[in-house]
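Data first, discussion second: the structure below is written as C-alpha cells.
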Amino acid sequence: MRLRFSLAVASVVITLFIAGAVSAQAPTPTKVTPELVEAARKERKIVWYTSVELELAERVAKAFEAKYPGIPVQVERSGAERNFQRLSQEYASNIHGADFVNSSDAAHFIVWKRQGWLAPFVPEDVAQYYPPEHKDPDGTYATWRMTLSIMGYNTKLVKPDQAPKSFAELLDPKWAGKMVKAHPAYSGTIMTATFQIVRELGWGYFEKLAKQKVMQVQSSTDPPKKLALGERAVMADGNDYNLLQLKDAGQPVEPIYPTEGTPTITGPTGVFKSAPNPNAARLFQNWLHTLEGQQLLVDFTGQHSVHALVKDKPGHKKLSEIKLMKDDPAGVEKMADDIKARYQQLFKV
C-alpha cells in the first residue's frame, strides 16, 4: 500500500505472504543489466498466463516490447480459476510452456509456492518501494496490482437516489431480473470476493440473491460491459477498473461501494522455475514492478498500485477513502472447492 495509506488498509493482504512461508531467504534484489537484457533477447519471447482483461494485457505487452525490442510477449488470457486448472493439468502432463503468471486469486500463489513451482526473484523496485506485506519473504511473488469487486448501476435505467447502496439492498424484489454478476469458478476476482462476502454476510446472502433471477456471466470484466449496454440495470459484482474505464469514456455507468465493505483483490505475479524463457520472464517481472510499469497500469485502467512512488489516477477514489473488506488468500485456498460447489448449487450454472 502506498505510504500514505492507513495501517488498516495496508494490512489487507498480509496473510498472502505469511501463508506457506518457508525458512529460505529472498534472493538479492536484481537490477536490469545489459547482460539480463541480452540473455532475454536470445530467448526471443515470453509466454504470459494472465487473468487481466485482454485489452490491458496487450497494452502492457506492447509497452514492454517497445521498451525491450526483440522480446515479444505471448499473452495467454483466461479467467484466473481456468488458468489455475490449466496449469495443474499441464504440470501433471509434464508440460511446462508458461514462463510467467499473474492471478486475481492470490491463493493460487500459496499453492504454487508450496508445490515448488515458483522461482525466487526480487526486482529492485519491489525491494525498495513495496511494503513487506506485498512481497513474499522468500521472493517468489509480489503484488502487481490491486482491484476491487464493486457494485454499479446504469444511470439511464436507475436514478441516483434509487440506486442500491449495499449488498442487502440487492435482495429487494424490485431488483429481480435486473442484475448481472460473474462466476467464482471462472474468475479469481469473484472467487476472492465471494469468500469475503460469505465471511462477512454468510451464505444466507447468496441463498437469497440466487432467487433474484440474476444474469450469470463468467469473467469479472463482463458485468461492467453488460451494464453499459443496458442489458441489466445493476451489477451485483464485477471489477472496478472496467467500470471506471467505461465511466471515463462517457458510458452511463456509476460505481457503488457497498456500505458493508468492498471486497479487495490482490493480483501477484511470479516467474516459473521451469520457465522455457527464464531470463525474459525475469526481465518482464522486473519491468512490471518499476515505477514506469506500475504508473502505466494506474493511468490506463485506474487500478491501484502498492509502489510507494505511483500517483493515483485523478478523479478516482483512493483506497483510503473506501471501506474495504480484508483479503485473506489463505482462507480462500481452504474454501475454494466448497465455494464453487455451493455457488453452483445455488445459481444452477
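The values are calculated or read from the model by the stated rules, or taken from the named source; none is laboratory data. Bear in mind that the values here come from a model prediction, so they are computed numbers and not experimental data. All Cβ positions, glycine included, derive from the backbone under ideal geometry; neighbour counts span all protein chains shown. Just so you know, the surface numbers come from the protein's heavy atoms only, side chains and all, with ligands and any DNA or RNA stripped out. Shrake-Rupley method; radii C 1.70, N 1.55, O 1.52, S 1.80 Å.
I'm told Phe272 meets every condition in (1) modelled with pLDDT under 95; (2) within 26 Å of Pro34 (Cβ to Cβ); (3) among the aromatic types (Phe, Trp, Tyr) except one. Can you identify the failing condition by its number?
It is condition (1) that Phe272 fails.
Name the residue, out of Val111, Val158, Val126, that is assigned to a loop (DSSP other than H, G, I, E, B) and touching a residue at least 60 places away in the same chain (Cβ under 8 Å).
Exactly one of Val111, Val158, Val126 is assigned to a loop (DSSP other than H, G, I, E, B) and touching a residue at least 60 places away in the same chain (Cβ under 8 Å), namely Val158.
Out of segment 91-119, which residues are open to solvent by 10 Å² or more (accessible area, probe 1.4 Å) and under 21 Å from the mean Cα position of the chain (by Cα)?
Val111, Lys113, Arg114, Trp117
With among the charged types (D, E, K, R) and closer than 22 Å to Ala142 by Cβ as the only criterion, which of Lys334, Lys326 stands out?
So the residue among Lys334, Lys326 that is among the charged types (D, E, K, R) and closer than 22 Å to Ala142 by Cβ is Lys326.
Mind checking which residues of segment 20-76 are part of a strand (DSSP E or B), among the hydroxyl-bearing types (Ser, Thr, Tyr) and open to solvent by 20 Å² or more (accessible area, probe 1.4 Å)?
Thr30
From the list Thr264, Thr290, Thr301, exactly one residue is at pLDDT 95 or above, under 21 Å from Ser187 (Cβ atoms) and among the hydroxyl-bearing types (Ser, Thr, Tyr). Which is it?
Thr264
What tally of residues in segment 250-259 results from selecting those that are outside any strand (DSSP E or B) and over 21 Å from the mean Cα position of the chain (by Cα)?
Total meeting the criteria: 4.
What tally of residues in segment 270-294 results from selecting those that are of a type in the set (A, V, I, L, M) and either open to solvent by 10 Å² or more (accessible area, probe 1.4 Å) or not in a helix (DSSP H, G or I) (or both)?
3
Quick check: is even one residue across segment 320-334 assigned to a loop (DSSP other than H, G, I, E, B) and open to solvent by 70 Å² or more (accessible area, probe 1.4 Å)?
Scanning segment 320-334 turns up at least one residue that is assigned to a loop (DSSP other than H, G, I, E, B) and open to solvent by 70 Å² or more (accessible area, probe 1.4 Å).
Is there a residue in segment 262-269 that is in a loop (DSSP other than H, G, I, E, B), of a type outside the set (Gly, Ala, Ser) and without any contact (Cβ under 8 Å) to a residue 60 or more places away in the chain?
No, there is no match, as no residue in segment 262-269 is in a loop (DSSP other than H, G, I, E, B), of a type outside the set (Gly, Ala, Ser) and without any contact (Cβ under 8 Å) to a residue 60 or more places away in the chain.
Name the pairs whose Cβ atoms lie under 6 Å apart, with the first residue in segment 217-240 and modelled with pLDDT of 95 or more, the second assigned to a helix (DSSP H, G or I) and open to solvent by 20 Å² or more (accessible area, probe 1.4 Å), and 6 or more positions between them or separate chains?
Short answer, once both residue conditions are applied: Pro224/Leu246; Ala228/Leu246; Arg232/Lys226.
Between Ser149, Ser166, which is of a type in the set (Ser, Thr, Tyr), surrounded by fewer than 17 Cβ atoms within 10 Å (Cβ to Cβ) and out of contact with any Leu (no Cβ under 9 Å at 6 or more places or on another chain)?
Ser166
Cβ contacts < 8 Å: first residue in a loop (DSSP other than H, G, I, E, B), restricted to segment 295-315; second residue of a type in the set (Phe, Trp, Tyr), any location; separation 6+ or different chain. Result?
Every condition considered, the pairs that remain are Gly302/Tyr241; Gln303/Tyr241; Val306/Tyr130; His307/Tyr129; His307/Tyr130; Ala308/Tyr129; Ala308/Tyr130; Leu309/Tyr129.
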